[in-house]
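The values are calculated or read from the model by the stated rules, or taken from the named source; none is laboratory data. Bear in mind the structure is a predicted one, so any value in this text is a computation, not a measurement. Note that each Cβ is placed from the backbone with ideal geometry, even for glycine, and that neighbours are counted across all protein chains shown. These area figures cover heavy atoms from the full protein model, side chains too; ligands, DNA and RNA do not enter into them. Shrake-Rupley method; radii C 1.70, N 1.55, O 1.52, S 1.80 Å.
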Amino acid sequence: MLSPSSSPLLAALPAAVDRRFGAVAVSLVLAAGLLLGGAVLAADAPASAPRVPVMNMGAQAVGAGLELDGSLQAVRQSTLSAQASGRIAQLSVKAGDRVKAGQVLAVIDDRATQAGVAQAQAGVAQADAQLANARAQYERTRDLRAQGFIAQAALDNAQSQLRAAEAGLAAARAGRTQSSLAQGFTRLTAPYDGWVLQTHAEAGALAMPGTPVLTVYAPQPIRAVVYVPASQQTAAAQAKRVEVRLPGDTAWVQPASVTSLPAADPVSQTVEWRLDLSAADGASQVPGRQVRVRFVIDAEQQRLVVPESALLRRGELTAVYVVVPRAEGQPAGFALRAVRTGASHGEAGLEVLAGLKAGDRVALDPVRAGLAGATPVTSP
């Protein structure tokens, strides 16, 4: 708030006001006073203006190559499906539950299979009794033939009946085994220690052979999967090394093993690369998270690189504040300039494809550089 004592112009207000203009003249003089006060404040601004460190842009030796987005994938991941028909009587787990190998995860209504097992067991008992009868008949016939009381044809017939009974018992036992297997198909068990990733059905739903019920995965081992365009497959195959940047980490790690599938996808025209992570690198990772994969082709190429902290991102715009000269006698200031960035080179920053050239001075703190009166200070 400006008072008459703080401005000579306001102090002279009564003498400057013509009574014929009244309030209009008062308003004009007040406006002039405010403008004068603003000029005084503007003159004092440079004394408290923020000083922003800057860096000189220049080419750096960085690892050049191909950089793509990838994702993490569990090496052991299984979708458990129903092998028998029936309603799901019990679903013992939900997504996110930890499971042990052999643990029963879901049960399908098994009354029909239980009846089949009982029928198969009865068939085995019947075939066993028929075999015992055929064996006793054969032994009696053999003794009578030895004594000459019956013809050879009777012995041959008894022997055929014995062999038929033995085959019948074998078939009954096979049927019992098949029924037992069908009974086992009504229970879905965990193939290994791991976690439930997703459930595809609920208790009470009708399950048919091949219907997915739930998906489980083992947390270790884990791998990064990236799809390389077929046009760049040769360059990727000739890379000196392959590196992966994991979520939440700025450092690049090398996978324990690298596998490239021998064929390209006919639709997307990409080749799948599987990068198995070491146990230490993959210990805290989960499937589905995004990663960056870099194929380092030449480690000695010169590139123009800007620190990622110097970038200002607003929606689709990526820009930096560069030092520009002001009017003669005034300190240099900053101007916002849009840039296009490329591959990341770790701690060195992002490669600049357009918008900057060697010799430009870039503000390292874009937030302070955008304040009024900000002045550059060369970074040590």
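Couple of notes before you dig in:
- Strands (runs of 3 or more DSSP E) completely within region 176-276 that count 2 or more residues being modelled with pLDDT under 85, surrounded by fewer than 18 Cβ atoms within 10 Å (Cβ to Cβ) and among the aromatic types (Phe, Trp, Tyr): none
- Only residues that are within 30 Å of ALA174 (Cβ to Cβ) and either open to solvent by 80 Å² or more (accessible area, probe 1.4 Å) or of a type in the set (Ser, Thr, Tyr) (or both) were counted in region 145-161, giving 3.
- Just one of the numbered conditions (1) open to solvent by less than 50 Å² (accessible area, probe 1.4 Å); (2) within 30 Å of ALA165 (Cβ to Cβ); (3) touching a residue at least 12 places away in the same chain (Cβ under 8 Å) is not true of VAL107: (2).
- Scanning region 114-139 for residues that are touching a residue at least 40 places away in the same chain (Cβ under 8 Å) and either open to solvent by less than 30 Å² (accessible area, probe 1.4 Å) or closer than 19 Å to LEU155 by Cβ (or both) yields GLY116, VAL117, ALA120, GLY123, VAL124, ALA127.
- Residues (touching a residue at least 60 places away in the same chain (Cβ under 8 Å) and more than 30 Å from PHE185 (Cα to Cα)) located in region 210-239: ARG223, ALA224, VAL225, VAL226, TYR227, VAL228, GLN232, ALA235, ALA236, ALA239
- For region 86-98, filtered to residues that are surrounded by 15 or more Cβ atoms within 10 Å (Cβ to Cβ) and touching a Ser or Thr at 6+ places or on another chain (Cβ under 9 Å), the residue that is modelled with the lowest pLDDT is GLY86.
- Strands (runs of 3 or more DSSP E) fully within region 278-380 counting 1 or more residues that are of a type outside the set (A, V, I, L, M) and crowded, with 17+ Cβ neighbours inside 10 Å: 290-306, 317-324, 333-338, 340-344, 350-354, 361-363, 375-378
- Test result for LEU312, under 30 Å from VAL293 (Cα atoms) and in contact with a Leu (Cβ under 7 Å, 6 or more places away or on another chain): no
- Test for ARG142: is it open to solvent by 50 Å² or more (accessible area, probe 1.4 Å), touching a strand residue (DSSP E or B) at 6+ places or on another chain (Cβ under 7 Å) and charged (D, E, K, R): no
Here is a yes/no grid of residues against (1) assigned to a helix (DSSP H, G or I); (2) under 60 Å from the mean Cα position of the chain (by Cα):
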{"position": "ALA118", "(1), (2)": "yes, yes"}
{"position": "ALA129", "(1), (2)": "yes, no"}
{"position": "ILE150", "(1), (2)": "no, no"}
{"position": "ARG163", "(1), (2)": "yes, no"}
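- Filter result for ALA89 (over 26 Å from VAL226 (Cα atoms), outside any strand (DSSP E or B) and in contact (Cβ under 8 Å) with a residue 12 or more places away in the chain): no
- Restricting GLY63, GLY38 to those that are open to solvent by less than 50 Å² (accessible area, probe 1.4 Å) and at pLDDT 60 or above reduces the list to GLY63.
- Unique residue being modelled with pLDDT of 85 or more, under 23 Å from VAL228 (Cα atoms) and of a type in the set (A, V, I, L, M) when the list is VAL320, VAL291, VAL339, VAL362: VAL291
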